[in-house]
Amino acid sequence: MTRLQQSRTSRLTRPSLAAAAAIAVTAGVVAAAPDARTAEPTPELSLIAASTSVTLDSWKEDPGVYLDLGTYLTSENGAFELKVTRKSYKDPVVAQQILRDGKKTRTKTLPAGLVKDFAGLPDFTRITLTDAAGAKVLERTEAFCPNNASGRVRPDAPANSKYPESCPTNPFTLGSVWGVENGWASNTYSAYYTAPIQLDPGTYTAEINVSEKYRDLFGIADKPQTVKVVVRERSWEDSSGSASRSSAKTAASGHDAHAQHGAPAKDGAHAGHGAHAQHGAAANTPAPGAVTSGAGPSYNAGHGPYPSAPPALPWALKRKSLGRQAVAAAETGDGPGQTDGSRQAPGAQPNAKRPTGKASVPDVPKPDLRSLPAYGITVSDGYEEVPGKDYLAFSANVWNAGPAKLVVDGFRSPGKEVMDAYQYFYDADGKQVGYTPTGGMEWDPRPGHEHWHFLDFASYRLLTADQKETVRSGKEAFCLANTDAVDYTVKNAAWHPGNTDLSTACGYENSISVREVLDVGSGDTYTQDLPGQSFDITDLPNGTYYIQVLANPENRLKETDYSNNSALREVILGGEKGARTVTVPPHHLVDAN
């Protein structure tokens, strides 16, 4: 499986909050509130700097500085919440602000075209960088994901943020929820959605402010923050903690760590060869965030060659100079008052024993499995492992639209290589009220997998222009994990899903039982570098084809709807043997190969 994954308790001193003007909305236009006493409550947003100075590293082996300046957006007088959706891939993305006043909820639709994808608010902050002589060396804007690394700005704020811990990167995301909890602050550093800059070692001054259009839209004070930036040059070989930095380096380069994925699949299908950097680029895989940021999600990333950004606390939670309420030493990880983007929810535990008694499928809510169109599509030859072959590789995702999560347990009998699998059903109170046998699970020893796969979860097929099957991938077994937030606006969506850590989600070779879960709103992505994520196209003529991703192909799993399990993606093959090409037309409004 491949997942590009990524998504931590400390207190900050309460900042001096600028009084944000109340806003009233008529037909999507922001207007000044006529009277503070009669205006409906709106969150008061402010930009703060956790420290007046930060030190950033530029590595000799991979020069470039990530501008994690330690600036945060705070929300008081209520949570800052946005709901971002699209009806279909034929429709544009629409963003709405959700305003809550007790039991009363109203919405404010943001200007059309302001938000174009699910990576955050584009051009939210404007950064100007000057050198020691006062010369401007950089001016740019950056996107802001409200779900970034965050923490409380006052001790009486809610202990936990209810909002998800990252913004989705999957190009076929359908819905997302972004938010800064009331009394919390969220890092404005855009991490995965920006590029490092080249800076010589030395001292600089950064001025950061919220862009004018957002200040007007959300009533944020025009109060830029100034931060001293010290850039130091370092080397991985000469510094301590080289292992984690080496991991980040490998992730950024797309080489080495997954070269072994090129081994042929058991059925002869070839891996997508993630060892070649261009495959990662084709999948639009974001580079890992800076080691010190903590702003990159560690889940919602997919089974893939790129490891998560190294766990790290945001600046505001590390500094001791924030005042008497600051905690001198904070631990990484999610907890009351802190989310730092390092979350890796452990695998769910199976029942103590396999189910007994009569199997039944009760009339209770069930999962609804759906497929996303293939993406990350590329062609390659067979390299030295399978010379003379051409392959079409791709990434695929099957997700759960709910309203119930998919829960499957596998139990192993002594001496058996395949576990017996059972699907469980639950009532509205979460009590297990039924089960049914649903095939099996097998151990997959291939590099890039090495965990228990549930059989017959999905199927990949290459169809001709008239949509008749011509090639089928041998991969139909999957380790289920919540790698991507596909639509967190559906009913019963789990904003903090479990089973996100691939190292534990699908067991070990010596496991006697395992539980695999697909939560509501989340999907499971396999990227194109893994065994089985490709079709042998060596002898296929050039022309138009469709990649079909089909969930639950044998209907072994019980669902609410079986009619929406298939997704097609058009591809056009060209070139000659050994030098095949692929053209991937946009899928309606989504132009992602």
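The values are calculated or read from the model by the stated rules, or taken from the named source; none is laboratory data. Given the structure is predicted, the values throughout are model-derived calculations rather than measurements. Every residue, glycine as well, gets a Cβ built from its backbone with ideal geometry; the counts of neighbours run over all protein chains shown. We work out accessible area using only protein heavy atoms, side chains counted, and drop any ligands, DNA or RNA first. Shrake-Rupley method; radii C 1.70, N 1.55, O 1.52, S 1.80 Å.
Hey, can you tell me all the residues within region 414-458 that are closer than 22 Å to residue 554 by Cα, open to solvent by 50 Å² or more (accessible area, probe 1.4 Å) and aliphatic (A, V, I, L, M)? Matches in region 414-458: 418 only.
May I ask you to verify whether residue 389 is within 22 Å of residue 453 (Cα to Cα) and open to solvent by 10 Å² or more (accessible area, probe 1.4 Å)? Answer is no for this residue.
Name the residues in region 167-225 that are among the small types (Gly, Ala, Ser), within 22 Å of residue 130 (Cβ to Cβ) and surrounded by 19 or more Cβ atoms within 10 Å (Cβ to Cβ), would you? Answer for region 167-225, where residues must be among the small types (Gly, Ala, Ser), within 22 Å of residue 130 (Cβ to Cβ) and surrounded by 19 or more Cβ atoms within 10 Å (Cβ to Cβ): 190, 206. Report, ordered by the first and then the second residue, all pairs with beta carbons closer than 6 Å, sequence separation of six or more or different chains, a first member in region 550-574 that is more than 17 Å from residue 518 (Cβ to Cβ), and a second member that is open to solvent by 60 Å² or more (accessible area, probe 1.4 Å). Once the first residue is more than 17 Å from residue 518 (Cβ to Cβ) and sits in region 550-574, its partners that are open to solvent by 60 Å² or more (accessible area, probe 1.4 Å) give 572/583; 573/542; 574/542; 574/581.
Evaluate the following for residue 70: is it more than 30 Å from residue 228 (Cα to Cα) and not hydrophobic (A, V, I, L, M, F, W, C)? Taking the combined requirement at face value, the residue does not satisfy it. Would you check which residues across region 95-114 are open to solvent by 60 Å² or more (accessible area, probe 1.4 Å) and either in contact with a Phe, Trp or Tyr (Cβ under 7 Å, 6 or more places away or on another chain) or not polar (S, T, N, Q) (or both) and list them? Matches in region 95-114: 100, 101, 102, 103, 104, 111, 112.
Scanning region 523-578 for residues that are open to solvent by less than 10 Å² (accessible area, probe 1.4 Å) and among the hydroxyl-bearing types (Ser, Thr, Tyr) yields a count of 4. Each residue in region 72-107 was checked for being farther than 19 Å from residue 163 by Cβ and of a type in the set (Ser, Thr, Tyr), and 2 of them qualify.
Do you know which residues across region 483-517 are under 22 Å from residue 355 (Cα atoms), surrounded by 19 or more Cβ atoms within 10 Å (Cβ to Cβ) and at pLDDT 85 or above? Across region 483-517, the qualifying residues are 513, 514, 515, 516, 517.
Being at pLDDT below 95 and hydrophobic (A, V, I, L, M, F, W, C) holds for only one residue in 132, 143, 112, and it is 143. From the list 398, 379, which residue is of a type in the set (Val, Ile, Thr) and either farther than 25 Å from residue 522 by Cα or surrounded by fewer than 23 Cβ atoms within 10 Å (Cβ to Cβ) (or both)? None of the others qualify; the one that does is 379. Scanning region 115-131 for residues that are in a strand (DSSP E or B) and either open to solvent by 60 Å² or more (accessible area, probe 1.4 Å) or of a type in the set (Gly, Ala, Ser) (or both) gives 123, 126. For region 36-48, the set of residues classified as open to solvent by less than 30 Å² (accessible area, probe 1.4 Å) and outside any loop (DSSP other than H, G, I, E, B) consists of 45, 46, 47, 48, listed by residue number.
The test for being within 28 Å of residue 338 (Cβ to Cβ) and over 20 Å from the mean Cα position of the chain (by Cα) does not hold for residue 95. Tell me yes or no: at least one residue of region 60-79 is in contact with a Phe, Trp or Tyr (Cβ under 6 Å, 6 or more places away or on another chain), at pLDDT below 90 and open to solvent by 20 Å² or more (accessible area, probe 1.4 Å). Yes.
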